[in-house]
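The structure appears right after this line, and notes come after that.
Derivation of every value follows stated rules applied to the coordinates shown; laboratory data play no part. This structure is a prediction, so every number in the text was calculated from the model and none was measured. Here the Cβ positions follow ideal geometry from the backbone for every residue, glycine too, while neighbour counts run over all protein chains shown.
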Amino acid sequence: MKSKILICLLFTCLINNAAEAQSQLYRTAIGLNAGYNYGITLKHYVTPKNMIEGIANFNYGPGLTVLYEFNNRHPFSVDELDWYYGAGAHVKFINGGRANVFYNDLRTHINVGIDAILGLEYTLKQIPLNIGINTKPELNFTADNLLWFDGAITVRYVLK
């Protein structure tokens, strides 16, 4: 029941803010997350200043990170440059064995934790491309490495 209410609330926010969010340089962008936890990133504005980002990562096994981010426009007086910060959570299924630096056994380990993110992104106006850099510390609840610092360079195709 709670998940249905959450889905309805999210859908309502997306519909109500559709016209207002058009002032952003983009509405949705998808691309590559090139960091230690490499994978695919999808970023979507839910309001003109708030985004949801999902990162599907594949390092040592599949994982998913979901972040809620706050956008701050035009640092250094550059129109296409934004900086953002936010927080979220992750779940990762870490395969042991494959030269894994965390686990020596062959079992699959579940890693659950919370994340923070701080980054800069630049959106090109001439072509539908968004380039960014971020740092993303993780606090893991179920892994031997309690605190982990990740960072990435992102390249996304802007869907508008």
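Some values worked out for this structure:
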item: Amide proton proximity set for GLY113, modelled H, under 5 Å, gap of 5+; result: HIS90, PHE141
item: Sum of side-chain charges, ASP115 neighbourhood, beta-carbon under 15 Å (Lys, Arg +1; Asp, Glu -1); result: -1
item: Fewest-first sequence of ILE127, ILE55, ILE94, ILE114 by Cβ atoms within 10 Å of each Cβ; result: ILE127, ILE114, ILE94, ILE55
item: HN-Hα J in Hz across region 148-159 - Karplus 6.51, -1.76, 1.60, θ = phi - 60°, x for Gly and Pro; result: 9, 10, 10, x, 7, 9, 10, 10, 10, 8, 7, 8
item: Cα extents of region 34-160 along the three principal axes, largest first (Å); result: 50, 24, 23
item: For GLY61, distant residues with modelled amide H under 5 Å away; result: ASN95
item: Cβ-based net charge around PHE70, under 12 Å, with every Lys or Arg adding one and every Asp or Glu removing one; result: -1
item: Net charge contributed by nearby residues that have their C-beta within less than 13 Å of PRO137 (K/R +1, D/E -1); result: -2
item: For region 82-91, Karplus couplings with θ = phi - 60° (6.51, -1.76, 1.60), whole Hz, Gly/Pro x; result: 10, 10, 8, 9, x, 8, x, 9, 9, 9
